1. If you take the beta carbon distance between H55 and L200 as r and set R0 to 60 Å, what does 1/(1 + (r/R0)^6) give as a FRET efficiency, to the nearest 0.05?
2. Between T125, T243, T272, which gets the highest mean-square fluctuation from a Gaussian network model of the chain, Cα cutoff 10 Å?
3. If we count every other residue with Cβ under 11 angstrom of F160's Cβ, Lys/Arg +1 and Asp/Glu -1, where does the sum land?
4. How much length, in nm to one decimal, is gained on full extension between N32 and L189, taken as 0.36 nm per residue of separation minus their Cα-Cα distance?
5. Note the angle between two axes, namely the Cα long axis of helix 225-246 and the longest principal axis of the Cα atoms of the chain, as a number of degrees from 0 to 90, rounded to the nearest 10.
6. Computed on alpha carbon atoms, what radius of gyration and Dmax characterise the stretch 306-420, expressed in Å?
7. Expected output is a single nm value to one decimal: the length gained when fully extending between K63 and H221, i.e. 0.36 nm times separation in residues minus the C-alpha distance. What is it?
8. Quick one, what does Rg over Rh come out to for the chain if you take C-alpha atoms and the Kirkwood Rh?
Amino acid sequence: MTALLLAQHAHALATWSLALASIALVLIRPRNWPEAIWAVAGAALLTVSGLIPLHDAARAVAKGTDVYLFLTGMMIISELARREGVFDWLAAHAVHASRGSRSRLFLLIYAVGALVTVFLSNDATAVVLTPAVLAAVRAAEAEPLPYLMVCAFIANAASFVLPISNPANLVVYAGQMPPLATWLAHFALPSLVSIVLTFLALRLLSRHDLAGAVQATRAIHPLAPGGKLTLFGIALLAAVLLTASALGIDLGAPACACGLFLLLLITLRDRTTLPAVARGVSWSVLPLVAGLFVIVEALDANGALRYAVSALHTLQHWPSRHAALTAGFAIAFVSNLMNNLPSGLISASAIQSAHIAGRIRDAILIGVDLGPNLSVTGSLATILWLIALRRDGLEVSFWRFLKWGALVMPPALLCALLVL
């Protein structure tokens, strides 16, 4: 019996060590290799070494099907928008609307980012909006960092306005999604507080870069037919996602169907579109997510779920406000250590196992959504944002983002939890 217990403890210790090391490598990116390499390598080592059975690893990969479909649809539409000149067209309009003011351009981008996040999801803000913002600031000949930071921070700050604003919301509330009116009653005020305080912090941090005027607007050329079709596709995607959310349907298949439908329409007009989009999409995101699902499955099977359930049972005996603050900040901290995809999955399983509802569950959701604004690898949306920047030769380091996040995230999270 003693030998068996020692073997079980050794197995758990080895699994935790390898899983956490894999997550650390994803966050640190040694040799600047893509995050996907480290996630897949960690998942493969866990499987090959027998620390997670092959059938469990396969089941974990299958759990991510909805996420893969959702991201595929978003990335296809983003690449079409880039190829068809939609980003340049939007950039020209944004600079024109700013009327030569850097501050006004900053506010405009923040407002658009909030709307895209609310109605298309935070991943859409990272994948679709970031290239448009980069085109806008290059057209305006302005310092790009403050405007690009907006895309990263608003993607998380506005991600709990509606259930569809972040796929993590559907995970945390799996099978128990409240009616939209109830959702807004819970999250409308915390969302407003999060959005406003995040804006004020970003505006303060950017005050020196936003002084002065931007370059005069270049000519706004009308969109080509392919660009108009892409805009139609983005509007259709928003309508489809809202409808799917209202009906309680997973978002992955509708998002992917919209992307493929739009790709088909444009390919019928231009046969070079399909191979160009296939080359342009950052497909490495999909194995990254699959690897994280396997790592989470390994952690769940070796105590992570049990520890999380125990912690939630303890919080149930605390005063409501103290429990909510502790739960929100704890999951925010964990999300920045290991990314909010694995932390959100573990939290969702723990909430269901512990039968948690009410304020604690709401606080966990806010922590999973808003907490990752601390670090550059805290959320999948921010990783997608990083990948979008790298495609254009830009890089934001972990430490540079942390300097901003340390000032932006904690006040917003604290006040959002206090008004919950």
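Coordinate-derived values only; no laboratory data. Treat the numbers as computed from the prediction; the structure is a model and nothing was measured. Note that each Cβ is placed from the backbone with ideal geometry, even for glycine, and that neighbours are counted across all protein chains shown.
1. About 0.75, to the nearest 0.05.
2. Among T125, T243, T272, the largest GNM mean-square fluctuation belongs to T272.
3. Spelling it out: positives minus negatives among the neighbours equals -2.
4. Gain on extension, N32 to L189, equals 52.5 nm.
5. 40 degrees
6. Reported Rg and Dmax, both Å: 15.0, 51.
7. In short, 52.4 nm is gained.
8. Looking at the chain, the ratio lands at 0.98.
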